[in-house]
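A.B. asks: Have a look at this one.
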Amino acid sequence: MAATNPQTEPRSRTLSIHIVTWNVASAAPPPDLSDLLQLNNLNLNLDIYVIGLQEMNCGIMSLLSDTAFEDPWSSFFMDVLSPLSFVKVSSVRMQGLLLLIFAKYQHLPFIQILSTKSTPTGLFGYWGNKGGVNIFLKLYGYYVSIINCHLPPHVANNDQRLEHFDRILEMQNFEAQDIPNILDHDLILWFGDMNFRIEDFGLHFVRESIKNQFYSDLWEKDQLSIAKRHDLLLREFQEGPLLFPPTYKFDKNSNTYDTSEKKRKPAWTDRILWRLKRQPQGGFHTPSLSAPHFSLFLRSYVSHMMYSISDHKPVTATFELELKPLVSAPLITLLPEGLCTMENDLLISYFLTTDFPSSPWDWIGLYKVGLRHINDYVSYVWVGDNQVSFSDELIQVYINISDIPETEEQFLLFYYSNNLHSVVGISKPFKIQPRSFFQEDPLDAAQPQI
């Protein structure tokens, strides 16, 4: 993406990011997830949703169905978020693990998906029931890694959990691509069912501590907290305070901890961590700081006890990411003022930056406002086809709209780059004039209609 001009240095901006992690224990989505997604929080103006699920239904019939169609959870989130101007930017699935990213459409030209990856660590190191799924992207020019994981269970398997954590991290190498090592990324968001347990204390003591909200003793014996005291790299991953009850294990359809014969000890298995890239240290004992123009602030870290479809409670974290954009202008500028209809065609004018790696396989999609994902277009055109004008500054193409019913709804244009695998330009919302309008007054047919 194009670098910013130092003479017109962009202002800092703040992005609000909401992260969800939930082991759904093969359950279907419940009817209402407003609390989970903070839809009723009028003081929260979110820009990005990052959603990680574990133990989705991955039976043979379910996987076959999800291959042919959207899985029920993805469809549910798109149905809820698309009317709020959120578009599914990227997703990756490995058996029961699913990672989704949604963003408000105005951010799409500044989100470049670099890579998605699955790292299985299950049976013999090859089975995908455990492991991690990852999306790597550039956000306003900064490198961001997002990891959703499911680590091995049981209190005695802590060493194995830490081994899997390290293995997932080590597998994030990009030697064949122009992507820095993951530890050089500006931000890592890592979450999931990490399965860390509470050591030493017995079941009765843990439950009484939870009942009385005396969490401090339990924090001291939390396996992840213990590991961070001894592992320098793990210590770089930060976490908010655990001020909510342990999120595992509950009887399904209740808020009661495990009453089965096994009576598993409650634990904070579901966690959200983050790591900011560190700058070079000034001295051996001087703590390093994050980049001055890229800072992350945790605004909430909570569980949601009202949801009982699983033996886990979901956990969410809301962040404010303050950054000074390294990219402040889109690579493609689609001009709403150049839009007009001519018979059954819509004329599109656009500019591109001089360093844009264009391809004949780039395309422009026409979307209704409220689209669910990038393939939700109502029509499209390859940029190499249907060209009516070309210059160093302006390119014009036309897109056929004969199959689009006349409507009062608003539309958007997206320019999709085949080389960058991302949307690199969007138009402002506009309406398509009824074709009868132009038939009645053909002299005005070339006038732009916004």
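The values are calculated or read from the model by the stated rules, or taken from the named source; none is laboratory data. Predicted model only: the values in this text are computed from it and were never measured. Don't worry about glycine lacking a Cβ; one is built from the backbone with ideal geometry, like all the others, and counts go over all protein chains shown. SASA here: full protein model, heavy atoms, side chains in, ligands and nucleic acids out. Shrake-Rupley method; radii C 1.70, N 1.55, O 1.52, S 1.80 Å.
A.B. asks: Identify all residues within segment 380-432 that are open to solvent by 80 Å² or more (accessible area, probe 1.4 Å), within 13 Å of Lys368 (Cα to Cα) and in a strand (DSSP E or B); write none if there are none.
C.D. replies: Correct list: Tyr380 only.
A.B. asks: Look at segment 13-28 and say how many of its residues are crowded, with 19+ Cβ neighbours inside 10 Å, touching a helix residue (DSSP H, G or I) at 6+ places or on another chain (Cβ under 9 Å) and of a type outside the set (A, V, I, L, M, F, W, C).
C.D. replies: 1
A.B. asks: Any idea how many residues of segment 339-367 are open to solvent by 20 Å² or more (accessible area, probe 1.4 Å) and at pLDDT below 95?
C.D. replies: 14
A.B. asks: Among the listed residues Glu208, Glu175, which satisfies the condition of being in the same structural domain as Glu239 (by the TED database), modelled with pLDDT under 95 and charged (D, E, K, R)?
C.D. replies: So the residue among Glu208, Glu175 that is in the same structural domain as Glu239 (by the TED database), modelled with pLDDT under 95 and charged (D, E, K, R) is Glu175.
A.B. asks: If you scan segment 301-334, which residues turn out to be open to solvent by 40 Å² or more (accessible area, probe 1.4 Å), assigned to a strand (DSSP E or B), in contact (Cβ under 8 Å) with a residue 60 or more places away in the chain and more than 30 Å from Val397 (Cβ to Cβ)?
C.D. replies: Glu320, Glu322
A.B. asks: Within segment 143-152, is even one residue assigned to a helix (DSSP H, G or I) and among the small types (Gly, Ala, Ser)?
C.D. replies: no
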